[in-house]
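Notes follow the structure.
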Amino acid sequence: MKQLPRASFTSPLTLAAVGCGARSQTYCGLAAAHPERYRVVAGADPRSTRVEKLREISGNPHFRGFESDEEFFAQPKMADVCIIGTQDAYHLTPASRALDLGYDILLEKPVSTDLPGIRALLEKSERLGRKILVCHVLRYSPFFVEVKKIVASGQLGEIMTIDAREGVEPWHQAHSYVRGSWAKTAEATPMLIAKCCHDTDILSWLADRPCERVSSFGRLTHFTKASAPVGAPEYCLEGCPVEETCAYNARHYMDRHRSWLFVKDGGAESPDHEVKQWLNETNYGRCVYRCENDAVDHQVIALEFDGGLTATFTMTAFDTGRNIVINGTKGVLRGGEATKEQSGSDMVVTMHHTGERFAHQITYQAGGYDSHMGADTGLVEAMDQEFRKPAREMRSGIHSSIEAHTIGFAAEKSRLSGEVIRLNSLQGYLNTLR
């Protein structure tokens, strides 16, 4: 296949979305707020309500809506960038078709449900001379941008260890990984790929060197039938003996967790009688201890990078927010949810081994998911300039993204087999992508 001629971008940059769910709506909403830089021109989704929502978000009277990706890809190229916001298992096909038509791509993570798929897409983008920006949004968070700057400055000295953790948040775990689309790994991806490739990507970005060995432990323990309260019914609304005290009671979709109704047509504005019917007809109304989920609810990984730098990462359903500690030969960095709870504000704290202490204040821009620490806004703020860079210099281009995915797949293999996984066999290939 011949490389397509390189077209200059329009100004403003034009965007079209395949898959018009929450992520595409978030990016397009942030982009539409800057009409001098972006214009949302089209969207495709089999759920017409999502297409109409994106039409509304776009503010574009000439917006074109399509009932399927097939219908969308039957048209000539109509935008500079195609946003792929479909479910995890259906990223490769639309991304590949978008490349064929000459689109550059903003691709939701994970790139693929397996490593060969990621390689194939990367190689195709290179053959065609197209660019793929992966939504590893944390690289654009003011928090992690500051952490990266501090590490790169040398003020911590040589980095020896990185310890990171993500508290998925109990309700989020139940919503997405017990009741939701990522509950069954065979139909989506393992937890470390579906949720935490953000975090393996940050570890790779901060280490800035190849990862050599990975080991991992974890399992699904709590969200199982064995943990179900005595007398708990199949569906929460059928009446449960612990409904007043259960943190996962599906009734909370109608009060404290109403914002999570974005997965339902009509969203949070749906009347209660519709929500009740929806809960009684979908997995979202089921008891969290009686679903067919197999995604882990806690996992740890240990990594060794080139030169001896070591890192750990903990994923747990039973905490909220991200935290990180970086130990260097000259100082220590701490930041995240625990630091915020202690200080009352968003900051990164560094302490030199001489005793000097510095607080680096972080300011987040509004918009996007709270758990992304301002990163959704940061991604859109940087996006038009990122697509103007050479592919290998993009902050979260597919060339760098493949390493985070490789770490995640290696960790899952280790979790299942009990082995320490050596990445040496892949490292030569990965080095060519740096």
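The values are calculated or read from the model by the stated rules, or taken from the named source; none is laboratory data. All figures in this text were calculated on a predicted structure; none of them were measured in a lab. In this analysis, Cβ positions are derived from the backbone assuming ideal geometry, glycine residues included, and neighbour counts consider all displayed protein chains. We work out accessible area using only protein heavy atoms, side chains counted, and drop any ligands, DNA or RNA first. Shrake-Rupley method; radii C 1.70, N 1.55, O 1.52, S 1.80 Å.
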- Query: Accessible surface of Arg64 in the full protein assembly, 1.4 angstrom probe, to the nearest 10 Å²?
  - Reply: 110
- Roughly how many Å is it from the Cα centre of region 88-112 to that of region 387-425, as a whole number? 18
- Query: Whole number please: convex hull volume per residue of the Cα set in the chain, in Å³?
  - Reply: 149
- Spin-label point model (7 Å from Cα, Cβ direction): what's the Thr354 to Glu393 distance in nm? 3.6
- Query: For Thr161 and Thr363, what is the calculated FRET efficiency with R₀ set at 22 Å and r taken between the beta-carbons, to the nearest 0.05?
  - Reply: 0.20
- Spacing of the two label points (7 Å from each Cα toward its C-beta) at Ser343 and Lys413, in nm: 4.0
- Share of carbon and sulfur in the accessible heavy-atom surface of the chain [1.4 Å probe, %]: 51
- Show that you can apply the helix-only estimate: for the chain, add -39,500 (n - 2.57) for every DSSP H stretch of four or more residues, divide by all residues, and state [θ] at 222 nm to the nearest 500. -9000 deg cm²/dmol
- Message: Given a 1.4 Å probe and heavy atoms of the protein chains only, how would you sort Ser216, Ser11, largest accessible area at the top?
- Response: Ser11, Ser216
- Query: Which of Arg388, Arg286, Arg256 moves most in a GNM of the chain, Cα contacts under 10 Å?
  - Reply: Arg256
- Flagged links, alpha-carbon separation over 30 Å, of Lys53/Lys148; Lys148/Lys195; Lys184/Lys389; Lys124/Lys149: Lys53/Lys148; Lys184/Lys389; Lys124/Lys149
- Note on the structure: Across Val242, Val214, Val111, the residue with the highest GNM fluctuation in the chain (Cα network, 10 Å cutoff) is Val242
- Describe numerically, in nm with one decimal, the distance between label points set 7 Å from Cα along Cα→Cβ at Thr93 and at Glu52. 2.6
- Item | By accessible area with a 1.4 Å probe, ligands and nucleic acids excluded, highest first: order of Val178, Val151 | Val151, Val178
- Query: How big is region 166-234 on each of its three principal axes, counting only the C-alpha atoms and giving the largest first in Å?
  - Reply: 53, 23, 21
- Message: Can you tell me the mean projection area, over all orientations, of the convex hull of region 287-418's alpha carbons? Units nm², please.
- Response: 12.3
- Thinking of region 225-282 as a set of Cα atoms, what percent of all their pairs are more than 16 Å apart? 43
- Who wins for biggest fluctuation among His352, His273, His34 in a Gaussian network model of the chain, springs between alpha carbons below 10 Å? His273
- Task: Scan the chain and report its longest stretch carrying no GluC sites (Glu not before Pro) that are both in a DSSP loop and have at most 13 other Cβ atoms within 10 Å.
- Result: 68-157
- Once normalised by the length of the chain, the mean sequence separation of its alpha carbon contacts under 8 Å that are 6 or more apart gives a contact order in percent of 20
- Task: Give the Rg (one decimal place) followed by the Dmax (whole number) of region 178-328, computed from C-alpha coordinates and expressed in Å.
- Result: 18.9, 60
- Task: At a 1.4 Å probe radius, which order do Lys413, Lys276, Lys109 fall into by accessible area, largest first?
- Result: Lys413, Lys276, Lys109
- Item | Those aspartates and glutamates that a straight Cα-Cα span of less than 16 Å connects to Lys131, excepting residues fewer than 8 apart in one chain | Asp80, Asp100, Asp104, Glu108, Glu123, Asp384, Glu386, Glu393
- Message: Just to be sure I understand: if I project the alpha-carbon convex hull of region 71-141 onto a plane and average over all orientations, what area do I get in nm²?
- Response: 4.9
- Could you give me the radius of gyration and the Dmax of region 9-91, taking only the C-alpha atoms into account and expressing both in angstrom? 11.5, 34
- Task: In whole angstrom, note down how far apart the Cα centers of region 230-302 and region 155-217 are.
- Result: 25
- Quote the Stokes-Einstein diffusion coefficient, in whole µm² s⁻¹, for region 105-213, based on the Kirkwood radius over alpha carbon pairs, a temperature of 37 °C and a viscosity of 0.692 mPa s. 204
